[in-house]
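Since the structure comes first, as structure tokens, the remarks are kept for the end.
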Amino acid sequence: MSKKIMTVDDSASVRQMVSFTLKGEGYAVIEAVDGQDALLKLKGSNADLIITDLNMPNMDGIELIQKIRAHPDYKFTPIIMLTTESQDSKKKAGRAAGATGWIVKPFQPEQLLAVTRKVLG
Amino acid sequence: MSEEMDKARAAFREEAYERLAELEATMLELEESPENSELVDRAFRAMHTIKGSGAMFGFDAIAAFTHEIETVYDLVRNQQVPVTRELIALTLSAHDQIGALLEESHTGKTADEDRGRSIITSFQNLVPADEPPTDDTFFQESSLTPQIQEEKDSEPEPLKEKEATYRITFIPDANIFAYGTNPLLLLNELKQLGKCQVIGHIDKVPPIQDIDPEICYTQWDIILTTVQGVNAIKDIFIFVEDVCELSINMIDRGEEGLLGDEFEKKLGEILIERGDLKQEDLHNVLEEHKPIGKILEDSGLVKSSQIQAALAEQKHVKEARELRHKTESSSSIRVASDKLDTLVDLVGELVTVQARLGQLASVKNDADFLLIAEEVERLTAELRDNTMSARMLPIGSTFNKFKRLVRDLSNELGKDVLLTTDGADTELDKTVIEQLNDPLVHVIRNCIDHGIELPEIREADGKSKRGTIHLSAEHSGGNVLISIHDDGAGLDASAIRAKAVEKGIIAADAELSENEIHSLLFAPGLTTAESVTNVSGRGVGMDVVKRAIDALRGVIKIKSTPGAGTTIILKLPLTLAIIDGLLVKIGKNDFVLPLATVEECIELTRQDIDKVHGRHVANVRGSIIPYVHLREEFNIPGKSPDIEQIVITELHNQKVGFVVDYVIGEHQTVIKTLGHFYKNVEGISGATILGDGKVALILDVNQLLQVVEQEETQIMN
Amino acid sequence: MSATEIRETIQFLTFQLQQEVFAVEIAKVREVLELASITKVPRTPAFMRGVINLRGNVVPVIDMNLKFDMLRTDQTVNTCIIIVEIRLDGEETLLGALVDSVQEVMDLHPDQIEPPPKIGAKLKAEFIRGMGKHDDRFLIILDIDKIFSSDELNRMQKVSRSGSSVREKTLQQDESVEV
């Protein structure tokens, strides 16, 4: 069965890009528009990997990571955060919250796939 | 992908317009309540999204411009820059500028660059002098230049470093799992860099009742030999740098290894060299001596696992060095194939001369002479094998070509077929491989077209929807067996029979065994498919395959079980230059039969012939086997001995005997062509030169049989 | 090809079939062998006597007497195989010509050579390059490439295959295969 990946981003274009890149490699993709939406959709969906933006309305990425880690089903699930070059403090906060790794925006589809393979095996 | 990218770009544009509208509304609200930090956050986010996505989809000018504004807004968020009317006014003109840039991207209407630059300057002037505007340097160099690329993004050409061996000590934090990291994946990534030896240390694993499964107790030593360099190793650990102890040390490197400890002599060796110690004495002492690892372990200075790790490291470095040495010294060279062909010809002549030498030696019966002859025989055999093996290629590349064929054909026919292969590394003479391609294509086409059923039919028969064709190759004596198995419907014996009767290949009342019916498939013009498809073609049956395999001096066998599938086995000689033959004699004439076709040899007495009333069939352990009397067939004058020999061959599922005077035995047959003069001769495929210098003819058993059959039909008519 | 093409002194090897003397250009001759063991190839016309082992090469042998519709070459102490080099289908091929005896190598000047007779010769005119005159004897200079052209071979093989009676005859003539 193909691995399931959730992409969380308030930007439709980024979600679209992440989604088609991953689907092209045979992954199943769930899209969420912000932290709240993500938490809702994660329930019972058994995602194998979560790729989340940090800056989002309603619930931002840091809070989302904390909430995901607190959930028994997702304690050890890899989480990749999308950061921008300047957000070192954000990156650290995300890491402290339990993010597995990060991708610096802007990124190319190949980078996304490389990181996905790295954390999913 | 680019179509998808265009869609994403369109989505971005739409999104950016939405964000701009949001930014505008936020600014108007902010004018009302400048203290509302929530509004500043929203403005920041809008710009952040525009910038981030913009860069990703190639809107570099927008990204660069927005970045500058966002940087100032970051300070506003942190209350280092106050919200003023001026800020709001500037933001609104920035908003207009972004809008203009967006429009530029799809209408080609140029945005005012100078205006953009002046907006940025105005924003930067809002920042107090003592506040560093930004903590990153990335956009400063490239701001407003269209090409934005982070250095990390543009993958630098991987520098091919010299091969080196590293010791990597990886001690993950106990809570590494909580970051969603699986250390085993990192180890797997390391393995992809090169030859890698992983030693796990599990000393810290507590007794089972105390184990917390959420804690990582294990640590690893990895010995890795790679050409990728230390940075590639570091990159693997990029996400875990902060949650592990990592050390990477180079422990061996190309030329250093040669000058290093490899040439350092051991104490014992030096003592022996100086004549102070005898080799055996050293051996004895060393045997009593415990290995250093054992001594150290017993002393309690180091743990057993540490010794294991050190030993593994030692072994790995040694192997890496050996391998390097080997590849350096035994790298392959390319040789023109005609040079190899010449070499094979020469070896063929040598084999012939050697046979003469052997024969002469046994006649002279001189012990020394015999010894030399034997030595030459051994060397010749080795030389022959080595020369032949130089022309050998693995059949795998041919197999791979069929994957595409199977895929395309099964799609075309609406079938679901999987091709599996086995023995791709089986080696065959390159000429044989080249000539094998076409018949294999034909057999596989047949399997897909006639063998494998449509998915619905398969399902109805209780089979998996997907059919399988299994292609395998293996060595068997001096031959290669290539089998093509499909799990399709199997051969329909009655359909084949009916078709053969219809085409006049067999008589309507002919009594045929199942094997004989299967062998009808090879008759020219017989195809059993009810409809002619453009896959298997019209009227081109398995006779094409048979002819090709005959040319290779090979044999075809078919096994089929209705409903369970068909297996076609091709038995081929390893090479075309020298074959294993069976030497026989009729009168004073010598003939060679390809050993691959020979099943057994039995005696045929006058009584046996009488019993079957002179008809050309022999009773072999209860089964009736037709035979060809070669002396009669070839009109060789003289009288047959009372007890003749019958050589039973099996060809394409059919057993036929050939009666000869004497069977001499196996013979390494160097094949010589009979040349232009004899190109039309039927039943003889070549000649070979015997030890006594005489020429023996090589029989083309299959062709001979056809000729005999034709003649018999003519006589009957 | 006619005698007029021979413009300079050429060396010829002469040999005898029955009572007649023939000549071939020495440039075409590789060597002359004593009669050795010939392996008959089954189902071939009688004039194709078989193959011999020439230092590891398998070389076909043609009975020149039979080729020229004379009697089969008998085995005597003088019987020889002349190995000639011919072009067959554009390829240099070695071929053994079985003859009753080999005589000598001689020089012939162009003025000693006359064009082949239009009539009166037993052989097809195209096989003959010319008539050599030597010590008041005539010798027939053969065009060896023509004699063994593939067209000629095919014709010969067809003739001997047509009808089983021919084949029967061939077989009887082949009785001394085991030389």
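When B:Val707 is tested against the conditions (1) of a type in the set (A, V, I, L, M); (2) buried (at least 17 other Cβ atoms within 10 Å of the Cβ); (3) at the interface with another protein chain (Cβ under 9 Å from one of its Cβ atoms), the lone failure is (2).
Looking at the stretch A:1-14, which of its residues are within 12 Å of chain B (Cβ to nearest Cβ) and either open to solvent by 30 Å² or more (accessible area, probe 1.4 Å) or not in a helix (DSSP H, G or I) (or both)?
Residues of the stretch A:1-14 within 12 Å of chain B (Cβ to nearest Cβ): A:9-14.
Matches in the stretch A:1-14: A:Asp9, A:Asp10, A:Ser11, A:Ala12.
Within the stretch B:216-240, restricting attention to residues that are of a type in the set (A, V, I, L, M) and touching a Pro at 6+ places or on another chain (Cβ under 9 Å), which residue is nearest to A:Trp102 (Cα to Cα)? It comes out as B:Val240.
Residues in the stretch A:59-69 that are surrounded by fewer than 20 Cβ atoms within 10 Å (Cβ to Cβ) and within 11 Å of chain B (Cβ to nearest Cβ): A:Arg69 only.
Would a scan of the stretch B:5-18 turn up a residue that is within 51 Å of the chain's Cα centre (by Cα), over 25 Å from A:Asn58 (Cβ atoms) and open to solvent by less than 60 Å² (accessible area, probe 1.4 Å)? The answer is yes; a qualifying residue exists. Kindly indicate whether any position in the stretch B:375-391 is buried (at least 20 other Cβ atoms within 10 Å of the Cβ) and over 26 Å from B:Lys694 (Cβ atoms). Within the stretch B:375-391 (the criterion being buried (at least 20 other Cβ atoms within 10 Å of the Cβ) and over 26 Å from B:Lys694 (Cβ atoms)), the answer is yes, since at least one residue qualifies. Of all residues in the stretch B:108-134, those satisfying the criterion of being open to solvent by less than 80 Å² (accessible area, probe 1.4 Å), β-branched (Val, Ile, Thr) and modelled with pLDDT under 85 are B:Val127, B:Thr134.
Which ranges mark the strands (runs of 3 or more DSSP E) fully within the stretch B:356-434 that have 2 or more residues being more than 14 Å from the chain's Cα centre (by Cα) and at pLDDT 85 or above? It would help to see each step written out before you state the result.
Numbers: elements: B:392-394, B:417-422, B:427-429.
By residue number, B:417-422.
Look at (1) touching a helix residue (DSSP H, G or I) at 6+ places or on another chain (Cβ under 7 Å); (2) within 11 Å of chain B (Cβ to nearest Cβ); (3) open to solvent by 20 Å² or more (accessible area, probe 1.4 Å) and you find that A:Glu25 fails only one, number (2). Between B:Ile646, B:Ile684, the distinction of being farther than 20 Å from B:Ile549 by Cα, hydrophobic (A, V, I, L, M, F, W, C) and either in contact with a Cys (Cβ under 9 Å, 6 or more places away or on another chain) or surrounded by 15 or more Cβ atoms within 10 Å (Cβ to Cβ) (or both) belongs to B:Ile646 only. Which condition from (1) closer than 24 Å to B:Lys364 by Cα; (2) among the hydrophobic types (A, V, I, L, M, F, W, C); (3) open to solvent by less than 10 Å² (accessible area, probe 1.4 Å); (4) more than 7 Å from chain C (Cβ to nearest Cβ) is the one that B:Val660 breaks? With (1) closer than 24 Å to B:Lys364 by Cα; (2) among the hydrophobic types (A, V, I, L, M, F, W, C); (3) open to solvent by less than 10 Å² (accessible area, probe 1.4 Å); (4) more than 7 Å from chain C (Cβ to nearest Cβ) applied to B:Val660, the lone miss is (1). Scanning the stretch C:58-74 for residues that are at the interface with chain B (Cβ under 8 Å from one of its Cβ atoms) and open to solvent by 10 Å² or more (accessible area, probe 1.4 Å) turns up at least one hit.
Flag not set for C:Gln19, criterion: away from every other protein chain (no Cβ under 14 Å), within 23 Å of B:Pro637 (Cα to Cα) and not β-branched (Val, Ile, Thr).
Across the stretch C:65-93, the number of residues qualifying as out of contact with any Gly (no Cβ under 7 Å at 6 or more places or on another chain), at pLDDT below 90 and more than 12 Å from C:Gln16 (Cα to Cα) comes to 18.
Considering only the stretch B:267-307, state which residues are small (Gly, Ala, Ser) and touching a residue at least 40 places away in the same chain (Cβ under 8 Å). I'd like the intermediate steps shown before the answer.
Filtering the stretch B:267-307 for residues small (Gly, Ala, Ser) gives B:268, B:275, B:293, B:299-300, B:304-305.
Scanning the stretch B:267-307 gives a single hit, B:Ser305.
Could you say whether any residue in the stretch B:614-625 is touching a residue at least 24 places away in the same chain (Cβ under 8 Å) and surrounded by 19 or more Cβ atoms within 10 Å (Cβ to Cβ)? There is at least one residue in the stretch B:614-625 that is touching a residue at least 24 places away in the same chain (Cβ under 8 Å) and surrounded by 19 or more Cβ atoms within 10 Å (Cβ to Cβ).
Collect the residues in the stretch C:120-132 that are under 22 Å from C:Arg155 (Cα atoms) and either open to solvent by 30 Å² or more (accessible area, probe 1.4 Å) or modelled with pLDDT of 80 or more (or both), keeping them in residue-number order. Working first, answer last.
Residues of the stretch C:120-132 that are under 22 Å from C:Arg155 (Cα atoms), as a first pass: C:121-129.
Across the stretch C:120-132, the qualifying residues are C:Ala121, C:Lys122, C:Lys124, C:Ala125, C:Glu126, C:Phe127, C:Ile128, C:Arg129.
Test each condition in (1) open to solvent by 10 Å² or more (accessible area, probe 1.4 Å); (2) under 22 Å from B:Val243 (Cβ atoms); (3) not aliphatic (A, V, I, L, M) for A:Thr100 and report the one that comes out false. All conditions are met except number (1).
So which residues in the stretch C:86-119 are open to solvent by less than 60 Å² (accessible area, probe 1.4 Å) and within 14 Å of chain B (Cβ to nearest Cβ)?
As a first pass, look at the stretch C:86-119 and keep what is open to solvent by less than 60 Å² (accessible area, probe 1.4 Å): C:86, C:88, C:90, C:93-102, C:106, C:108, C:110, C:112-113, C:116-117.
C:Ile86, C:Leu88, C:Gly90, C:Thr93, C:Leu94, C:Leu95, C:Gly96, C:Ala97, C:Leu98 - these are the residues of the stretch C:86-119 that are open to solvent by less than 60 Å² (accessible area, probe 1.4 Å) and within 14 Å of chain B (Cβ to nearest Cβ).
Checking the stretch C:33-44 against the condition returns no match, with no residue being under 19 Å from C:Asp145 (Cβ atoms), touching a helix residue (DSSP H, G or I) at 6+ places or on another chain (Cβ under 9 Å) and in contact (Cβ under 8 Å) with a residue 60 or more places away in the chain.
Out of contact with any Phe, Trp or Tyr (no Cβ under 7 Å at 6 or more places or on another chain), among the charged types (D, E, K, R) and at positive phi: which single residue out of B:Arg621, B:Arg631 fits that description? Before you say what the answer is, go through the steps one by one.
Working: B:Arg631 fails: at positive phi.
Within the list B:Arg621, B:Arg631, the selection yields B:Arg621.
Looking only at the stretch C:18-31, decide whether some residue is buried (at least 21 other Cβ atoms within 10 Å of the Cβ) and under 23 Å from B:Lys672 (Cβ atoms). Checked the stretch C:18-31: no residue is buried (at least 21 other Cβ atoms within 10 Å of the Cβ) and under 23 Å from B:Lys672 (Cβ atoms).
Being part of a loop (DSSP other than H, G, I, E, B), in the same structural domain as B:Gly467 (by TED's automatic domain parsing) and modelled with pLDDT of 80 or more narrows it down to one of B:Gly504, B:Gly541, B:Gly563, B:Gly537, so name that one. Spell out the reasoning first.
Numbers: B:Gly504 fails: modelled with pLDDT of 80 or more; B:Gly541 fails: modelled with pLDDT of 80 or more; B:Gly537 fails: modelled with pLDDT of 80 or more.
Unique residue meeting the criteria: B:Gly563.
The values are calculated or read from the model by the stated rules, or taken from the named source; none is laboratory data. Here the structure is a predicted model, which means the values were calculated and not measured. Cβ coordinates were reconstructed from backbone atoms using ideal geometry, including for glycine residues, and neighbour counts include every protein chain displayed. Each accessible area value is taken on the protein alone, full model and side chains, heavy atoms only, with ligands, DNA and RNA left out. Shrake-Rupley method; radii C 1.70, N 1.55, O 1.52, S 1.80 Å.
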